[in-house]
1. So, in the stretch 208-225, how many residues would count as being surrounded by 16 or more Cβ atoms within 10 Å (Cβ to Cβ) and either under 14 Å from the mean Cα position of the chain (by Cα) or among the small types (Gly, Ala, Ser) (or both)?
2. Report yes if some residue within the stretch 77-99 is assigned to a strand (DSSP E or B), modelled with pLDDT under 90 and either under 30 Å from residue 39 (Cβ atoms) or in contact with a Ser or Thr (Cβ under 8 Å, 6 or more places away or on another chain) (or both); otherwise report no.
3. For the stretch 196-207, how many residues are in a strand (DSSP E or B) and surrounded by fewer than 20 Cβ atoms within 10 Å (Cβ to Cβ)?
4. Does residue 154 satisfy the condition of being surrounded by fewer than 18 Cβ atoms within 10 Å (Cβ to Cβ), modelled with pLDDT under 95 and under 18 Å from residue 94 (Cβ atoms)?
5. Given 35, 40, which one is part of a loop (DSSP other than H, G, I, E, B), surrounded by fewer than 11 Cβ atoms within 10 Å (Cβ to Cβ), charged (D, E, K, R) and at pLDDT below 90?
6. Whether any residue in the stretch 160-174 is among the basic types (Lys, Arg) and either under 13 Å from the mean Cα position of the chain (by Cα) or modelled with pLDDT of 80 or more (or both) is what I want to check.
7. With respect to the numbered conditions (1) crowded, with 16+ Cβ neighbours inside 10 Å; (2) at pLDDT 90 or above, which one is the sole condition not fulfilled by residue 190?
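The values are calculated or read from the model by the stated rules, or taken from the named source; none is laboratory data. Fair warning: this is a prediction, and the values are worked out from it, not measured in the lab. Cβ placement follows ideal geometry from the backbone for every residue including glycine, while neighbour counts extend to all protein chains displayed.
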Amino acid sequence: MTRWFVIFLTSLLIVLGARYGTYSPLPKAVFVDCETPVAENKLQGLWELDRIDNYEAFHEGLESNSGFLSYLETSVYPFILARSQLYRIEQCGREIALTVNYLRSWLVASAEIDEPDIQLELQDFKSELKQTLEETFQEVLTDVKDALAIEAKPEADRVLKFLQKSDSLNISAELIFAGEEITIYGSLNGRNYKERIYYDAGELVREIAFVDSKLGSTDFIYRRYP
C-alpha cells in the first residue's frame, strides 16, 4: 500500500469512528400525534451540526478541565460533535419541543409559547362562512357578539420541561419564542447563560453565551438534515 492510501484509509476510519462511535438513535418525536398543526417556519425540522465557532468559550463556561486535557477537549470535541450532533425543533399548538444530543446523551425539552400561528383549512373556513350567512339576522348578530368577546389569554408556561436528559446535567431554563427566533435564559451546571436560536442564510444558528464570559459566545451552526 502507498503512503497516500494509508493516509486516506486512516482519515476514513477516524471519521467513521467518530460518527458511529457516538451514534445513538434519535428519540421519537414529541408531537408525533399533534392535533393542532401550525404554519411552518424556518426553524422547524431536523438539523445536523456543520461546525462550531469559538468552542473554547463554551468549554470555559462549563468550567471544564484546564491544562493539556482542556486543550485536547477543545480540539477534539468540535470535530466529534460536528459528525454526530442532531438538533430537532417541533411545534404543536402552543407548545414547542427541542431535542439535541451531546455524544450519546439526548436532551429533550418542551415549553409553552404565547401566540402560535395556527394552520387553518380554507375549506373549513368557507363551509363555516356559508353556514353563517344562511342563518337568521339575529343569529348572526349573536355570533358576532360572541366572536368579538375578548377573553383573557392564558399565560404561557415558559419553563422548559425536560422529558429526557443525562442525570449528571444540572439545567433549568425558560424559553421565549418571538417571530422566528427562540431565546432561552437558563442555568447550566451552576452557570447562567443566554441562548439564541435563529435562521441565517439557510443555516440554523445556536448562539450560547455564559454570563461574565471573557471569551464571548459560541455558535453551533447547523444545516438541514438530508
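1. Residues in the stretch 208-225 being surrounded by 16 or more Cβ atoms within 10 Å (Cβ to Cβ) and either under 14 Å from the mean Cα position of the chain (by Cα) or among the small types (Gly, Ala, Ser) (or both): 8 in total.
2. Looking for residues that are assigned to a strand (DSSP E or B), modelled with pLDDT under 90 and either under 30 Å from residue 39 (Cβ atoms) or in contact with a Ser or Thr (Cβ under 8 Å, 6 or more places away or on another chain) (or both), one finds none in the stretch 77-99, hence no.
3. Matching residues across the stretch 196-207 total 7.
4. Spelling it out, residue 154 is indeed surrounded by fewer than 18 Cβ atoms within 10 Å (Cβ to Cβ), modelled with pLDDT under 95 and under 18 Å from residue 94 (Cβ atoms).
5. Criteria check complete, one pass: 35.
6. yes
7. Of the numbered conditions (1) crowded, with 16+ Cβ neighbours inside 10 Å; (2) at pLDDT 90 or above, the odd one out for residue 190 is (1).
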